[in-house]
Amino acid sequence: MSGVGYAFLATAPVWPVLQPREPILDEMLVPAEVAVLVPVVMVFPVAWGLIGRTERTGRLFGLALTLLVLVWSSWTAAFGDYATPPNIDDGLRWYLLTAACVVVAGVVRDRRKVDRRWILGAATWVVGMAVTVAVPVVEAGPMPSADALLPLPPGMTVVTDEAECTPSCSRRFVVTGQTRARDLARQLGEHLQQVKGWQTQWYEFTPEPHLTCREASLLVNPYKLCGGVRVLDEWDVEVRFGYANNHNPIY
């Protein structure tokens, strides 16, 4: 299992204490992201550490995995960001797919007798593949769901529902109702707060609520869902949703 230790040390370039502090702090990986990425990256070296038992083959493929980890961590620390492809998630996906293939090649070469340790390593490899599939594709961002607003309370009607990605994805509603737009905006804010669970702030000088962005459910996903309510004219109110990238704000 010494190869696993070397692979772990190869992740050092992404550790927060070793990352350069210039020029843009937002492009650095924060500790919470590193705490997720490093265990994910280590899945395939750990799988091979359990599977590979022949000394020569085990060291050869362990070294290959360690070099892959070093390439991944160095590239991520030096060039990786969430702004433009290839981004951090692309690099992670490429690494995981390559590492998975290296482990398979090692199994073919090693031809070790199946035992409990081999089965545990194989199960770890399967977990690694599941993680690979789960790595988010961060490009224009996901499309906000209409469920963020709908269904509306009685008396309100959606007259426009537009979705576009130029380049980030957003959804825009225009809502009208039985009251004037200023009152309608306040009612929509109460609906978003009480029914849809949005955290809202109100100010005396405007009927338009401020919506607090919702954090993504996965630490490796940099996007958070943001929303806004705006009075358009005497009767119509715009409600817009979009995803903001913590590293490269787009909303």
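The values are calculated or read from the model by the stated rules, or taken from the named source; none is laboratory data. Predicted model only: the values in this text are computed from it and were never measured. Here Cβ is always computed from backbone atoms with ideal geometry, including for glycine, and neighbour counts include all displayed protein chains. Note: accessible area is taken over every heavy atom of the protein model, side chains too, but ligands, DNA and RNA are not part of it. Shrake-Rupley method; radii C 1.70, N 1.55, O 1.52, S 1.80 Å.
Some notes on this structure:
- Loop-located trypsin sites (Lys or Arg not before Pro) across the stretch 85-182 with a Cβ neighbour count of 13 or fewer within 10 Å are Arg111, Lys113, with loop assigned by DSSP.
- Accessible surface, per residue, of the stretch 49-119 when the full set of protein chains is kept, probe 1.4 Å, Å²: 56 Å²
- Once the C-beta distance of Met129 and Val36 is scaled by a Förster radius of 22 Å, the resulting FRET efficiency is 0.80 to the nearest 0.05.
- For the stretch 100-198, the share of accessible area belonging to carbon and sulfur comes to 57 percent (1.4 Å probe, ligands and nucleic acids excluded).
- For Leu232, the amide hydrogen comes within under 5 Å of the amide hydrogens of Val237, Glu238, counting only partners 5 or more places away or on other chains and with H modelled in the peptide plane.
- Relative to the compact-globule estimate of 2.2 N^0.38 Å, the Cα radius of gyration of the stretch 167-207 comes out at 1.33.
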